[in-house]
Each structure stands twice: as C-alpha cells, then as structure tokens.
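To start, the structure under review is shown below, and the notes come after it.
The values are calculated or read from the model by the stated rules, or taken from the named source; none is laboratory data. Predicted, not measured: the structure shown is a model, and the values here were computed from it. Here the Cβ is made from the backbone with ideal geometry for all residues, glycine too, and neighbour counts use every protein chain on show.
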C-alpha cells in the first residue's frame, strides 16, 4: 500500500483538537484514524514549551487517495540521545503494513533531522501495551528489541507496558 507522512501544522492541529471535528479539515479521514486526544494535548503542550515543531507535531499517514488513515510522531524532543515515538492506525487499515512503513519513515526522519540540527540521537523508544501482539511484531520486524531497564521496568510493567528500543545502526 502506498502512503505518505505529512506533519500537521499548529493551525491544522487547532482545527482537530479538542473537538475532533474533521468537517473543517482539508483532509478526509478513515474511521477512527485520529489518535487519542492526549496525543494532540501533548503536541500543544510541547509547542507551548517552545519545543521544535519537528518533534512536537504529529504526522498524518495518508493513503494514495489522500485519506488520513492514522498518525504517528514523537512524544518529546530527544533527551540523552533518545526519543519516544507513538503510532496509531485506523482499524480498517491495520495488518496492511502501514504501521511498519510509517515507523520506518519516522526513524529515518528522526535520525536525519537530529544530525542536521546537531542533536545526539542513538535510540528510539516505543512503549507498547503488553497485550498488543501486533505492535510488538511490527517493532520486532523493524529491529526494535525489548529493553530491560531496571529502573523503569517495574513501573512500565505495572502500567501494562513494555519498553522497546531501536538502536541506530
């Protein structure tokens, strides 16, 4: 399946958040393609803190007709050489390789942008719900490995999350 990533602008984000009203948007949306409101809220907060828009604003996944089928992005700016990502795909587009391709493109963009901006970036993190077998398979296919971080492992496990890491090759 052909698709592209397009980063939202602050103006576009404002039309979608918090009402999730897609009627004013220039895009068409697959059912349940928008990520949860906390993703948009985090983006607004990061931009208000003066964080770079590259790391703050979500990326829309659009199919070859221009329909938004999901979103992905960074949960913060890189810190200590690592950054967190998240990904959300409309249920009707799951199991088609969309998440895998979106995350691959996001990784490429992250390492390229960090290098150009002079930021250290060695590791990409993804917190994946323990029961989300499909997301864990996607992470493994891309090259993420399950991390055993002593300090956070118990905290993440209690939240039902597993920490997966992609190390720059």
With the requirement that a residue be surrounded by 13 or more Cβ atoms within 10 Å (Cβ to Cβ), modelled with pLDDT of 95 or more and in contact with a strand residue (DSSP E or B) (Cβ under 8 Å, 6 or more places away or on another chain), what does segment 139-163 give you?
139, 142, 143, 144
Tally of residues being surrounded by fewer than 20 Cβ atoms within 10 Å (Cβ to Cβ) and either over 12 Å from residue 165 (Cα atoms) or free of Cβ contacts under 8 Å to residues at least 40 places away in the same chain (or both) across segment 122-134
6
Index of the failed condition, residue 75 passing every other in (1) farther than 13 Å from residue 3 by Cβ; (2) surrounded by fewer than 16 Cβ atoms within 10 Å (Cβ to Cβ); (3) in contact (Cβ under 8 Å) with a residue 24 or more places away in the chain:
(2)
Does segment 95-116 contain any residue that is in contact with a strand residue (DSSP E or B) (Cβ under 6 Å, 6 or more places away or on another chain), in a loop (DSSP other than H, G, I, E, B) and in contact (Cβ under 8 Å) with a residue 24 or more places away in the chain?
no
Checking residue 61 against (1) touching a helix residue (DSSP H, G or I) at 6+ places or on another chain (Cβ under 8 Å); (2) surrounded by fewer than 17 Cβ atoms within 10 Å (Cβ to Cβ); (3) closer than 21 Å to residue 4 by Cα, the condition it does not meet:
(2)
Single residue of 94, 24 found to be surrounded by fewer than 21 Cβ atoms within 10 Å (Cβ to Cβ) and modelled with pLDDT of 90 or more
94
Matching residues in segment 27-44 - criterion: being surrounded by fewer than 15 Cβ atoms within 10 Å (Cβ to Cβ) and either free of Cβ contacts under 8 Å to residues at least 60 places away in the same chain or under 17 Å from the mean Cα position of the chain (by Cα) (or both):
28, 32, 36, 37, 38, 41
